[in-house]
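As structure tokens, the structure follows; a few thoughts come after it.
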Amino acid sequence: MNDDTSLTIGVILASLREGRMGAVFADWIADVLARREGITPEILDLRDWAFAPFGQDTVAGARDAPLPGPSLEERWRATIARLDAFIIVTPEFNHGYPGNLKNALDVVGTPWSHKPVSFVGYGYSAAGARAVEQLRLVAIELRMVPIRDELDMRLGGYAADARGVPVEPGILRQAEKLTDELSWFGRLLREGRQRRGAEATAR
Ligand SMILES: Cc1cc2nc3c(=O)[nH]c(=O)nc-3n(C[C@H](O)[C@H](O)[C@H](O)COP(=O)(O)O)c2cc1C
């Protein structure tokens, strides 16, 4: 966040699989974001954030002596705190979203609060929509603001280039609409957080 209007949007890449389609979708939606005025996308690849299961570090003897400097979890929290909005790119696995994504959400806490989130879900039979529906409930508990717009990508069910990047104008329009809605909420909620912070300081 550099000035009143520019936004930095985190694109969370949830799948860890070799050959994951998630990387294609994350790169694509980050490109869509980057083409909009005043938006800087930042891909957060969960392969780079291999957290212990939530709470394990508090179990006596579960970890070796901590290394000096901020832990992975502290760096992740600081990263989330710095960002204005999020798009979670998630596959559907057994009618849900991946467990490592839940862990990445759970280790953070308040830095998610009052920030908007949208989703790019993908899969076969339900195009990732079941995973996204479940994530919406989790997002609300984290005090995030899940916006209505989302993309549900049915693998093999849309016109794509050789890598699987969508080339349908209708999908691109949907992605742009999602981006505009997310950035509108991103600016509005950032202002609200700042105002609430200023009011709390003044009290
Ligand atoms: C263990 C497993 C379970 C899956 N379950 C579902 C499912 O319930 N619904 C669905 O639509 N696709 C399902 N799929 C298909 C995945 O969503 C699809 O393979 C997707 O490409 C995985 O994401 P990735 O390529 O980014 O790793 C499943 C795939 C795997 C490997």
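Cβ-Cβ below 9 Å, separation at least six or inter-chain, first residue in region 159-170 and in contact (Cβ under 8 Å) with a residue 60 or more places away in the chain, second hydrophobic (A, V, I, L, M, F, W, C) and in a loop (DSSP other than H, G, I, E, B): which pairs?
That search, which allows pairs on different chains as well, returns Gly164/Met21; Gly164/Leu155; Pro166/Ala159.
Within region 188-203, track down each residue that is open to solvent by 70 Å² or more (accessible area, probe 1.4 Å) and of a type in the set (Lys, Arg).
Residues of region 188-203 that are open to solvent by 70 Å² or more (accessible area, probe 1.4 Å), as a first pass: 188, 191, 194-196, 199, 201-203.
Correct list: Arg195, Arg196, Arg203.
If the Cβ limit is 8 Å and pairs must be 6+ apart or interchain, which residue in region 173-185 that is assigned to a helix (DSSP H, G or I) pairs with which residue that is of a type in the set (Gly, Ala, Ser)?
Leu178/Ser118; Glu181/Ser118; Leu182/Ala85; Leu182/Ser118; Ser183/Gly38; Ser183/Ala85; Phe185/Ala85
Among the residues in region 85-98, are any away from the ligand (no atom under 16 Å from the Cβ) and either modelled with pLDDT of 95 or more or open to solvent by less than 80 Å² (accessible area, probe 1.4 Å) (or both)? Let's see the steps before the verdict.
Residues of region 85-98 away from the ligand (no atom under 16 Å from the Cβ): 85-86.
The next check asks that each one be either modelled with pLDDT of 95 or more or open to solvent by less than 80 Å² (accessible area, probe 1.4 Å) (or both); those that pass are 85-86.
Yes, some residue in region 85-98 is away from the ligand (no atom under 16 Å from the Cβ) and either modelled with pLDDT of 95 or more or open to solvent by less than 80 Å² (accessible area, probe 1.4 Å) (or both).
Of all residues in region 99-115, how many are open to solvent by less than 30 Å² (accessible area, probe 1.4 Å) and within 16 Å of the ligand (Cβ to nearest atom)?
Residues that pass the stated criteria total 2.
Among the residues in region 56-68, are any at pLDDT 95 or above and over 30 Å from Arg195 (Cβ atoms)? Before the answer, list the steps.
Here is the first cut: in region 56-68, the residues at pLDDT 95 or above are none.
Among the residues of region 56-68, not one is at pLDDT 95 or above and over 30 Å from Arg195 (Cβ atoms), which makes the answer no.
Could you tell me how many of the residues in region 116-128 are open to solvent by 10 Å² or more (accessible area, probe 1.4 Å) and away from the ligand (no atom under 14 Å from the Cβ)?
Counting residues in region 116-128 that are open to solvent by 10 Å² or more (accessible area, probe 1.4 Å) and away from the ligand (no atom under 14 Å from the Cβ) gives 0.
Can you find even one residue in region 129-139 that is of a type outside the set (S, T, N, Q), surrounded by 15 or more Cβ atoms within 10 Å (Cβ to Cβ) and not in a helix (DSSP H, G or I)?
Taking every residue of region 129-139 in turn, none turns out to be of a type outside the set (S, T, N, Q), surrounded by 15 or more Cβ atoms within 10 Å (Cβ to Cβ) and not in a helix (DSSP H, G or I).
Looking at region 150-187 only, could you name the residues that are of a type outside the set (A, V, I, L, M, F, W, C), under 15 Å from Pro116 (Cβ atoms) and crowded, with 17+ Cβ neighbours inside 10 Å? It would help to see each step written out before you state the result.
In the first step, residues of region 150-187 are kept if they are of a type outside the set (A, V, I, L, M, F, W, C); the result is 150, 152, 154, 156-158, 161, 163-164, 166, 168-170, 173-174, 176-177, 179-181, 183, 186-187.
Then drop every residue that is not under 15 Å from Pro116 (Cβ atoms), which leaves 150, 177, 179-181, 183, 186-187.
Glu150, Thr179, Ser183, Gly186, Arg187 - these are the residues of region 150-187 that are of a type outside the set (A, V, I, L, M, F, W, C), under 15 Å from Pro116 (Cβ atoms) and crowded, with 17+ Cβ neighbours inside 10 Å.
Filter region 24-55 for residues that are within 15 Å of the ligand (Cβ to nearest atom), open to solvent by 30 Å² or more (accessible area, probe 1.4 Å) and in a helix (DSSP H, G or I) and give the result.
Within region 24-55, Asp27, Arg47 meet the criteria.
Among the residues of region 76-83, is there at least one that is in contact with a Ser or Thr (Cβ under 9 Å, 6 or more places away or on another chain), at pLDDT 95 or above and under 30 Å from Glu168 (Cβ atoms)?
Keep residues of region 76-83 that are in contact with a Ser or Thr (Cβ under 9 Å, 6 or more places away or on another chain), which gives 77, 81-83.
Filter again for at pLDDT 95 or above, leaving 77, 81-83.
After this cut, where a residue has to be under 30 Å from Glu168 (Cβ atoms) as well, the list is 83.
Yes, region 76-83 contains a residue that is in contact with a Ser or Thr (Cβ under 9 Å, 6 or more places away or on another chain), at pLDDT 95 or above and under 30 Å from Glu168 (Cβ atoms).
Residues being without any contact (Cβ under 8 Å) to a residue 60 or more places away in the chain, within 14 Å of the ligand (Cβ to nearest atom) and over 13 Å from Gly96 (Cα atoms): count how many of those fall in region 129-154.
Of the residues in region 129-154, 2 are without any contact (Cβ under 8 Å) to a residue 60 or more places away in the chain, within 14 Å of the ligand (Cβ to nearest atom) and over 13 Å from Gly96 (Cα atoms).
The values are calculated or read from the model by the stated rules, or taken from the named source; none is laboratory data. Since we're looking at a predicted model, the values are computed, not measured. Here the Cβ is made from the backbone with ideal geometry for all residues, glycine too, and neighbour counts use every protein chain on show. For accessibility, only protein heavy atoms count, side chains too; no ligands or nucleic acids. Shrake-Rupley method; radii C 1.70, N 1.55, O 1.52, S 1.80 Å.
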